Amino acid sequence: MGDVSIGWAKIGGTLLAQQAPPVFDNAAESSQALQPSAETESGIPKPAVSEFGNGKDKAEGGRANSEKPKDLEAYRQELKTAVDSGEMTEEAAREAWDDAMSKLDKQDGEEAERRGRDWIGENLVFVLATVYGSVILLFVAILVISHTVVKRRGKARTGNLQKTMAELGLDFEPVGDESLLLELSSLPLFNKGRGKKITNLIEADTADLQMQVFDYQFITGHGKSRKVHRTSVVLVRSGTLVLPGMQVRPRKAFADGIKAMFGGGGIAMDQYPEFAKNYVVESAQPDQTRDFLDTKMVAACERNPGCSFECQSGVLLHFRAGKRIDTDAESIRRCIGEGFQLFQDVSERLQRNA
C-alpha cells in the first residue's frame, strides 16, 4: 500500500502533519504490496459505496471515534489505518481530526478557566487581605501626609506671626490661653464641635479695654464628613459692654432657608429688608436685640461684608467664619482696627440708649 501512504501524506497529511509528526510504521511494507491506481487523482483508492457504506456514515463513524482522544499519536495512527483500509475517506478523517483538535482546545480553555476560579477560591482570603490592606495603607498614608503638611504650615504661620508681633511691639503667645475656651463657651462660635483649640494669641490691650486676636480651631463631623474649621477672632472685653446676648452672621441661603420652613431662621428684621436678606440675627432675648439693632447699628454690621459678630455682657467677638488673617503687619493692623471700630459703634449705640 505504498501509494496509499504517499497519497495520505500529500492530501490528508497537510493538517495532520501540523498537529503531530506523521509516523507511519507500516508505510514501507504497504508500498511493496500495492501499485499506484488510476481510480483517483490523489493516489488514494476510492472504495465502492456498496462495500464500505456511504461517505456520511464513514464521516459519522470517524467523529464517533474522536469523542475522547487520549493519545493524539495513537488516534492519528487509527485514522490513517481507517483510511488505508478503506473504512474512512480522507475528508472524513480530516474532519474527525479537526473535531478532536477543537475539543482539545475547548478542554484546555475550560481547564484554564477552572484553574483560575480555583486559584481565586483557594486564595480568596489572601486576595481580600491584599486589596483591603492596600486601601487601608493608602488611607493611612494620606492621613499622615495631610497631618504633616498641616503641622508644617501651622509652624510656618506661628513663626511669621512671631516676627510680625516683634515688628508691631505686641505680646504674642503661640500656644494660646486654655482659660478663654471656658470663658467664651456660652457664645455660639464656641459651643459647637469638638477638639477646640486657641493658638497664636495676640495681646492688643488699651487703657479702656482688653483686645485679643487669636486663631480658633474646632472639628465637626466624622469619617468622610469630618471637617476642621479654622477662624481668626477679634475679642474685645470691657465693663462698659452691657449687651443682650446675640449673634449677627451672614445668611446661608440653603441652610437658613430650611430652618425658616420649620419656623427657625432667626429674629424677623422686617424694618430692614436688605439687611434681613443678607444677615441672620439670633438671640434668646429677641425684643432687646431688635431694639439694640437700630439704623446706625445695622449700617455698622453691613460695613464689613462677610463678617459676623457675637456678644454678651462684657464681651464682643468679631470674625469671618472659616477665614484666618494673613500674617503680615498690614493685615494685623486692619483686623485690630475693624475690632476697635465695632467696639466704638457698640459703645455709641449704648450711649444713644442712655
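Out of all the residues in the range 234-252, is one or more exposed (fewer than 12 other Cβ atoms within 10 Å of the Cβ) and free of Cβ contacts under 8 Å to residues at least 60 places away in the same chain? No. If R115 meets every condition in (1) under 29 Å from V127 (Cβ atoms); (2) of a type outside the set (A, V, I, L, M); (3) surrounded by 17 or more Cβ atoms within 10 Å (Cβ to Cβ) apart from one, which number is that one? Result: R115 passes all but (3).
Yes/no matrix, rows are residues, columns are (1) assigned by TED's automatic domain parsing to the domain that holds R237; (2) within 26 Å of the chain's Cα centre (by Cα); (3) not in a helix (DSSP H, G or I):
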residue	(1), (2), (3)
F139	no, yes, no
R153	no, yes, no
L181	yes, no, no
K197	yes, no, yes
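Quick check on this structure: which one of D98, D105 is over 30 Å from V228 (Cβ atoms), free of Cβ contacts under 8 Å to residues at least 24 places away in the same chain and more than 41 Å from the chain's Cα centre (by Cα)?
D105
Candidates Q162, Q212: the one that is outside the structural domain of M297 (by TED's automatic domain parsing), of a type outside the set (D, E, K, R) and not in a loop (DSSP other than H, G, I, E, B) is Q162. Restricted to the range 54-90, and to residues that are surrounded by 15 or more Cβ atoms within 10 Å (Cβ to Cβ) and of a type in the set (G, A, S), which residue is modelled with the highest pLDDT? The selected residue is A82.
Matching residues to (1) under 36 Å from the mean Cα position of the chain (by Cα); (2) in the same structural domain as K197 (by TED's automatic domain parsing); (3) without any contact (Cβ under 8 Å) to a residue 24 or more places away in the chain:
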position: I258; (1), (2), (3): yes, yes, yes
position: A268; (1), (2), (3): no, yes, yes
position: K277; (1), (2), (3): no, yes, no
position: Q288; (1), (2), (3): no, yes, no
position: E302; (1), (2), (3): no, yes, no
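Taking the condition in a strand (DSSP E or B), farther than 14 Å from S232 by Cβ and touching a residue at least 24 places away in the same chain (Cβ under 8 Å), does L342 pass? No; evaluated as a whole, the condition is false for this residue. Here F172 clears all of (1) surrounded by 11 or more Cβ atoms within 10 Å (Cβ to Cβ); (2) assigned to a helix (DSSP H, G or I) except the condition numbered (2).
Looking at R194, R153, R157, just one residue is surrounded by 10 or more Cβ atoms within 10 Å (Cβ to Cβ), without any contact (Cβ under 8 Å) to a residue 60 or more places away in the chain and not aromatic (F, W, Y), and that residue is R153.
The values are calculated or read from the model by the stated rules, or taken from the named source; none is laboratory data. Remember, predicted model here, so these are calculated numbers, not experimental data. Cβ coordinates were reconstructed from backbone atoms using ideal geometry, including for glycine residues, and neighbour counts include every protein chain displayed.
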